[in-house]
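Chemist: Dropping the structure in here first, questions after.
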Amino acid sequence: MTGTVTEKIINEHIIEGKIAPGEEVALKIDQTLTQDATGTMAYLQFEAIGIPRVKTELSVSYVDHNTLQTDFKNPDDHRYLQSIARRYGLHFSRPGNGICHQLHLERFACPGKTLIGSDSHTPTAGGIGSFAIGAGGLDVAVAMTGMPYRIKYPTIVGINLTGKLPDWVSAKDVILEVLRRIDVKGGVGKVLEYFGPGVKTLSVPERATITNMGTETGATTSVFPSDEVTKAFMVAQECGDHWVPLEPDADAEYDEIIEINLSELEPLAALPHSPGKIKPVREIAGLEVQQVAIGSCTNSSLRDLKIAANILKGHTVADNLHLSINPGSRQVVEHLIESGEMRYLVAAGARILENACGPCIGMGGAPSSHAVSIRTFNRNFEGRSGTKDAQIFLVSPEVAAATAIKGVLTDPRDLNDYPPIEMPQQFIINDNMFIRPLPPEESASVEIVRGPNIKPLPDFPPLPGTLEGEVLIKVEDNITTDHIMPAGAKILPLRSNIPEISKYVFEAVDPGFPARALDKSGGFIIGGDNYGQGSSREHAALAPKYLGVNAVIVKSFARIHLANLINFGIVPLTFKDAADYESIALGDKLEVFIGDLRSDVKLRNLTKDKEIELTHSLSQLDAEILKIGGKLPWVKAKVAK
C-alpha cells in the first residue's frame with residue numbers, strides 16, 4: 001500500500017467507513033492508557049458496561065496526576081485503580097513511577113499501533129510512530145471492550161523538516177514554530193505528519209516533544225515515521241522486537257504541506273495565556289522571573305534533563321527565583337544518578353519533585369502572586385498554574401535553564417558554548433513499579449476496593465424532542481476545559497464524585513453557575529469559537545450534564561470536548577450564522593427543537609421572540625447515542641444484545 005504514514009496506519013485498522021476527509025470511520029484500537037485523574041471515572045464506566053476483561057492488546061492504568069496526598073481521596077482512588085487493573089487484566093503503573101506519556105514511550109508504544117488515552121497528550125506516542133489519540137474516559141472504556149473508536153477521517157498535513165537544529169535550539173522550538181503558524185485551532189480535523197530529511201536529525205524523545213504539544217493546535221494527532229532512529233531507541237529500551245519500519249512512500253501525497261527549515265529556527269516562547277501566542281525569546285528577554293519549572297510530559301525526558309543539568313553545572317539559581325524539576329520517569333532519574341548529572345541539578349539549587357505531572361496540572365508548584373513563571377510545559381491557560389494572576393511562559397529546557405541562572409528571561413544563545421551531552425547506548429530497564437496483569441483464572445476473584453469518595457455514576461435519561469430552559473452562561477472564544485472544569489489540588493481529588501465536583505463548574509469564569517443551573521433545573525450554555533479546547537477531561541461534560549445542561553450552542557467546538565458532550569447526552573450545536581451569537585443573552589428563555597437530529601435545528605428565543613437556525617456535525621450514530629441519553633446506555637444496550 002502506498003501513501004502517508006497516517007494512511008497506512010488508518011487503513012490497516014479501519015473497520016468501517018469511507019476513506020475521505022471529514023467522513024466518519026471506525027478504527028480498531030490496539031492499546032489504551034488512562035491516568036488517575038480521568039481513570040477512576042473511566043473504570044467506573046467500564047464496570048457499568050459489564051465486560052469481564054479488557055479485550056485490547058494492551059491497556060495500562062497510570063497514576064501520575066493526583067499524587068498529592070492531603071487526605072484519603074487520592075490514595076483511595078489509587079487503591080481502586082490497582083484493584084480494577086488486577087480484576088480486569090490491565091497493567092498498573094504505581095504512583096511515583098512516572099508520567100504516563102513518558103513511560104508509555106519508554107516501555108509500551110509501538111510503531112503502527114493505534115492507541116487512545118484519556119489524556120489529551122496521548123499523541124506523545126506519535127514520536128515513535130504510533131497513531132495515538134487523546135479521548136474522553138468513556139471512549140477509552142468502550143475501546144477496552146473491543147469496540148472500535150470513531151473519528152472523522154482527517155485531513156493530512158505534511159510538515160516537511162529540512163536542515164538541522166542549531167545549538168541552543170531544540171524540539172520545543174519546532175512545535176512552538178508550528179503553533180506560531182497555525183495557532184490553537186489550526187489543526188482541528190487534521191493529522192500533523194512529519195517527514196523530510198530533517199526527521200533523521202531528531203531523536204525519539206525529541207519527536208515525542210513535538211507530537212505531545214501538537215495537541216495544542218487542536219489536531220487529531222501528530223505522527224513521525226518509524227525509521228532507524230526509532231529502531232535504535234527501541235533496541236536501547238529492550239523493545240526492539242516490536243519495531244517495524246513505517247515511512248511515507250516517495251509518492252505520498254499530503255492535503256497540505258508546511259515547510260520548516262530546522263537550521264533557521266531560534267529559541268521561542270509562548271506568552272500568557274495561550275500556547276499559540278508565540279514570540280522569539282530575544283524580543284522579550286530581560287523580563288524578571290520568579291519561578292522556573294522544567295519537566296511535564298513535554299520536556300521531562302532524559303535528553304531534556306541532561307541538557308538542563310549541564311547548563312546549570314557550576315551555577316546557582318538566581319536569588320530572585322526558584323527552580324523546580326519533575327523528571328518524567330524513574331528511568332530518567334536512575335540515569336541522572338548514574339551519570340552524576342543529578343548532582344549538578346541539586347548543587348545548583350533545583351527543587352527535585354516527584355516523577356509526576358505536578359505543577360503542570362496545578363498539583364503543587366503554584367507561583368507567587370503576580371509572578372512570572374517560565375515553564376517547559378504545554379499549556380499556560382490563565383489560572384491553570386494555581387495562581388490566577390501569574391504570567392506563564394512556555395519555553396524549551398535550554399531557555400528555562402538559562403533563565404534560572406540569570407534571573408531574567410534569557411536567550412540561551414547569550415551563554416557560553418553549548419554543552420555536549422551523551423545519551424546511553426542502553427537504557428536502564430527496571431519495570432518493578434509496573435504490576436503486570438493477572439491471568440483470567442486468578443483475576444475473576446479479585447475484590448474491587450472503593451473508598452467513600454467514589455460515588456456511583458449518575459443516571460442520564462433519553463432526550464426529549466424539544467429542549468427548554470434559560471441561558472445559564474454566555475462565554476467568549478477559546479474557552480478551555482480548564483475554564484469549564486478546573487484542575488488543581490482542591491478539585492482533582494473529586495473526579496470520582498460527580499455531585500461534589502459539579503460545584504466547581506465554571507468556577508474561574510462565573511462561580512455562581514452551579515447554583516444557578518440547579519435552581520433553573522438546567523438550561524443552555526452559549527459559547528464562541530473553539531469551545532472546549534485543551535484537556536480531554538470528560539468531567540467538563542459530565543458535571544454540566546449533572547447540573548441539567550441540555551445543549552451547548554457555540555460558533556465551533558474543539559474535537560475531544562465535542563465527543564464528550566455527545567457521550568454524556570448534551571447536544572452540541574453550532575450557529576449557522578455566527579452573528580446570531582450576539583443576539584442571545586444570559587437569562588434568555590430558549591426552546592430548541594432537535595427532532596431526530598438528522599437535519600438542522602431550530603432555536604426559538606422566547607425572550608426576544610426571535611428564531612435562529614442552528615446546525616451540527618452529528619453522524620446518524622451520534623444522533624442515536626444522544627437520543628438514548630449518551631454513550632454508556634448505548635453501549636450497555638449493545639452488550640446486552
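Chemist: Counting only residues that are crowded, with 18+ Cβ neighbours inside 10 Å and touching a strand residue (DSSP E or B) at 6+ places or on another chain (Cβ under 7 Å), which one in the range 156-173 is nearest to ARG282 (Cα to Cα)?
Modeler: ASP173
Chemist: Another one. If you check VAL449, VAL509, which single one turns out to be touching an Asp or Glu at 6+ places or on another chain (Cβ under 9 Å), in a loop (DSSP other than H, G, I, E, B) and of a type in the set (A, V, I, L, M)?
Modeler: One residue alone meets the criteria, VAL449.
Chemist: Let me ask something additional. Among the residues in the range 526-540, are any over 20 Å from ASP510 (Cα atoms), buried (at least 17 other Cβ atoms within 10 Å of the Cβ), more than 26 Å from the chain's Cα centre (by Cα) and not assigned by TED's automatic domain parsing to the domain that holds GLU23?
Modeler: no
Chemist: Here's a follow-up. Restricting to the range 472-506, count the residues that are charged (D, E, K, R) and not in a helix (DSSP H, G or I).
Modeler: Initially, the range 472-506 is screened for residues charged (D, E, K, R), giving 474, 476-477, 482, 490, 495, 500, 503.
Checking the rest, the ones that are also not in a helix (DSSP H, G or I) come to 474, 476-477, 490, 495.
So the count comes out to 5.
Chemist: Restricting to the range 333-348, name every residue that is buried (at least 16 other Cβ atoms within 10 Å of the Cβ), touching a residue at least 24 places away in the same chain (Cβ under 8 Å) and not aromatic (Phe, Trp, Tyr).
Modeler: Just the residues of the range 333-348 that are buried (at least 16 other Cβ atoms within 10 Å of the Cβ), to begin with: 333-336, 339, 341-342, 344-345, 348.
In the following step, the residues that additionally are touching a residue at least 24 places away in the same chain (Cβ under 8 Å) were identified as 334-336, 339, 341-342, 344-345, 348.
Once the filter is applied, which keeps residues that are buried (at least 16 other Cβ atoms within 10 Å of the Cβ), touching a residue at least 24 places away in the same chain (Cβ under 8 Å) and not aromatic (Phe, Trp, Tyr), the range 333-348 yields GLU334, HIS335, LEU336, SER339, GLU341, MET342, LEU345, ALA348.
Yes/no per residue for (1) closer than 16 Å to LEU192 by Cα; (2) touching a residue at least 24 places away in the same chain (Cβ under 8 Å):
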residue	(1), (2)
ALA236	no, yes
ALA250	no, no
GLU253	yes, yes
PRO267	no, yes
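Chemist: On to the next question. Would you confirm, using the coordinates I've provided, whether THR221 is under 24 Å from the mean Cα position of the chain (by Cα), buried (at least 20 other Cβ atoms within 10 Å of the Cβ) and closer than 23 Å to ILE307 by Cα?
Modeler: no
Chemist: Does the range 404-421 include one or more residues that are buried (at least 17 other Cβ atoms within 10 Å of the Cβ), of a type in the set (S, T, N, Q) and assigned to a loop (DSSP other than H, G, I, E, B)?
Modeler: There is at least one residue in the range 404-421 that is buried (at least 17 other Cβ atoms within 10 Å of the Cβ), of a type in the set (S, T, N, Q) and assigned to a loop (DSSP other than H, G, I, E, B).
Chemist: What helices (runs of 4 or more DSSP H) completely inside the range 52-162 contain at least 1 residues that are within 22 Å of PRO452 (Cα to Cα) and out of contact with any helix residue (DSSP H, G or I) (no Cβ under 9 Å at 6 or more places or on another chain)?
Modeler: Where helices (runs of 4 or more DSSP H) fall fully within the range 52-162 and carry at least 1 residues being within 22 Å of PRO452 (Cα to Cα) and out of contact with any helix residue (DSSP H, G or I) (no Cβ under 9 Å at 6 or more places or on another chain), they are 73-88.
Chemist: If you don't mind, there's one more thing I want to ask. If you scan the range 272-298, which residues turn out to be farther than 18 Å from ILE210 by Cβ and under 20 Å from the mean Cα position of the chain (by Cα)? Spell out the reasoning first.
Modeler: Applying the first criterion (farther than 18 Å from ILE210 by Cβ) to the range 272-298 yields 272-274, 277, 279-293.
Within the range 272-298, PRO272, HIS273, SER274, LYS277, ALA293 qualify.
Chemist: Only residues that are under 27 Å from the mean Cα position of the chain (by Cα) and surrounded by 16 or more Cβ atoms within 10 Å (Cβ to Cβ): list them for the range 458-476, please.
Modeler: PHE460, ILE473, LYS474, VAL475
The values are calculated or read from the model by the stated rules, or taken from the named source; none is laboratory data. Please read these numbers as outputs of a predicted model, since none were measured by experiment. Cβ sites come from the backbone with ideal geometry, for glycine too, and all protein chains shown count toward neighbours.
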